[in-house]
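Written out below as structure tokens is the structure these notes cover.
The values are calculated or read from the model by the stated rules, or taken from the named source; none is laboratory data. Quick caveat, the model's predicted, so the values are computed rather than measured. Here Cβ is always computed from backbone atoms with ideal geometry, including for glycine, and neighbour counts include all displayed protein chains. In case anyone asks, the SASA skips ligands and DNA or RNA and just uses the protein heavy atoms, side chains included. Shrake-Rupley method; radii C 1.70, N 1.55, O 1.52, S 1.80 Å.
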Amino acid sequence: MDPNRLTRVDATSWRIEPHDSMRVPAIIYADENLIRDMDDKVYEQAANVAKLAGIVQASYAMPDAHWGYGFPIGGVAAFDPDQGGVVSAGGVGFDISCGVRTMLTGLTVSDILPVQKALADSLFHQIPAGVGSKGATTLDLIEMDAMLAGGAHWAVALGWGEVRDLERIEERGRMAGAEPACVSERAKERQRREMGTLGSGNHYLEVQAVTEIFDASIAKVFGLSLDDVVVTIHCGSRGLGHQIGTEFLKEMVMAAKAFGIELPDRELACAPINSEIGKRYLGAMRAAINCALANREILGHYTRRVFGHFFPGSDLRLLYDVSHNTCKVEPHVIDGKRRELFVHRKGATRAFGPGHESLPMALRATGQPVLIGGSMGTSSYILVGTAAGEQKAFSSACHGAGRALSRHAALKQWSGRKIVDDLAAEGILIRSPSSRGVAEEAPGAYKDVSAVVAAAEHAGLARRVARLRPLVCIKG
């Protein structure tokens, strides 16, 4: 992206001035190098989002932003239903409630290294991963609806997880307002055998070591010390979420004219929040959020079981579980007035600051853990939300490294087998059912996550707490 097309606000803030039919400006948070490396589509898509009805304050793009469907991945926008605000399936994404959970193991690197290979093999055999991966459980229609309404609570009630986890999951593990009846039979059918699976793409389970502490006081509250080992799981609502996104995007495109909506891009298909289709989408999307929360809870249960085999008496405690593909109703103060807004985050993580009412008491004084995944074989980060983030982008931050090359381009440059061998030489064990999938997710196909995180911190979106290095990666 050419920086000369933007108005530079400061070292990590850039503004697209309103033009054409933009209702508000678009703001991109990134340093100059990240801006130059962003594809031009981010500019176009961020500007197009700013043209949607009822948008509040600005259209935002995070430092890891790249070309997405309708919204840029890394896009954030809030809409007011009282001002004709819309909900957009493209503003949430296809993998609804894709997110990250990090679990503290109570172990250190010296505990893991003697069993690293056996642990990697066991996790790979116990955690279903890859395209079309199936779980151990098949849900009937009654159980499916119970899962879509209950989220992680449903999983815990059936023995997949622990009650104490619920306090450390966004929405306390269950998204209110879910409407299983708004989810199509086709979407439910796709999910019947997919609970407790990672799936493919950039989804993973990693065993990670804490290699650097940036904020000792907050790290202590989070339970993090140097050489500690954690487990991070990244996945979402699998086939169900994708089907919901596909179906409602088609329906919203067809309905746009009836609502008098002029779409700047068909991929920005949307509907008024208070319309019948808008309400149906929100009900289905919230059910998909519950699906993802339940899915990650089951995967956490499987992980505990594997660790219990290698380390009897081990106690894996949940640090936090948060999504980055959602639309949430949240109170935000705009021009001194508290308003209930529908905040779309697509490839962007919620990052509430200290004192936020939705955080558990144990984390309320520090702010919310913000879990940032790197590319395969590279560092990941744990950040914390800041008070300033509320004013920056509705308490939102980046969600990962962000792609620099398409999967097709990555396949032309890298061999999956060589990546696995090279990372093994560095002490990082990769297990995946697909050599092609490994090549598509090559570390070089992504931005430098350290630069992304530094830009997010400099912009005031979140603050660094700890850096993590992978020891084992189970890759879809």
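Observations, loosely collected:
- Residue in the range 35-51 that is nearest to Gly90 (Cα to Cα), counting only those that are open to solvent by 40 Å² or more (accessible area, probe 1.4 Å) and in a loop (DSSP other than H, G, I, E, B): Lys51
- Listed conditions (1) closer than 24 Å to Ala393 by Cα; (2) in contact (Cβ under 8 Å) with a residue 24 or more places away in the chain; (3) not hydrophobic (A, V, I, L, M, F, W, C) are all met by Lys328, apart from (2).
- Selection count, the range 240-279, where residues are in a loop (DSSP other than H, G, I, E, B), open to solvent by 10 Å² or more (accessible area, probe 1.4 Å) and closer than 16 Å to Gly70 by Cα: 5
- Within the range 331-363, the set of residues being open to solvent by 10 Å² or more (accessible area, probe 1.4 Å), more than 25 Å from Asp80 (Cα to Cα) and in contact with an Asp or Glu (Cβ under 8 Å, 6 or more places away or on another chain) comprises Ala362 only.
- Residue-level check: of (1) touching a residue at least 60 places away in the same chain (Cβ under 8 Å); (2) within 30 Å of Arg174 (Cβ to Cβ), Arg364 misses just (1).
- Checked against the criterion of being surrounded by fewer than 16 Cβ atoms within 10 Å (Cβ to Cβ), touching a Ser or Thr at 6+ places or on another chain (Cβ under 8 Å) and either of a type outside the set (Gly, Ala, Ser) or part of a strand (DSSP E or B) (or both), the candidates Thr232, Thr197, Thr211 yield just one match: Thr211.
- Candidates Gly367, Gly385 - the one that is open to solvent by less than 20 Å² (accessible area, probe 1.4 Å), closer than 17 Å to Val465 by Cβ, of a type outside the set (S, T, N, Q) and out of contact with any Leu (no Cβ under 8 Å at 6 or more places or on another chain): Gly385
- Note on the range 394-453: residues that are among the acidic types (Asp, Glu), assigned to a helix (DSSP H, G or I) and open to solvent by 40 Å² or more (accessible area, probe 1.4 Å) amount to 2.
- Residues in the range 35-68 that are among the charged types (D, E, K, R) and more than 22 Å from Ala256 (Cα to Cα): Arg36, Asp37, Asp39, Asp40, Lys41, Asp64.
- Leading residue by the ranking (nearest to Val472 (Cα to Cα)) among those in the range 366-377 that are among the polar types (S, T, N, Q) and modelled with pLDDT of 95 or more: Gln368
- Picking from residues in the range 280-291 that are in contact with a helix residue (DSSP H, G or I) (Cβ under 7 Å, 6 or more places away or on another chain) and buried (at least 24 other Cβ atoms within 10 Å of the Cβ), the one that is nearest to Thr138 (Cα to Cα) is Cys291.
- Residue ID - nearest to the chain's Cα centre (by Cα), chosen from residues in the range 8-23 that are surrounded by fewer than 18 Cβ atoms within 10 Å (Cβ to Cβ) and part of a loop (DSSP other than H, G, I, E, B): Ala11
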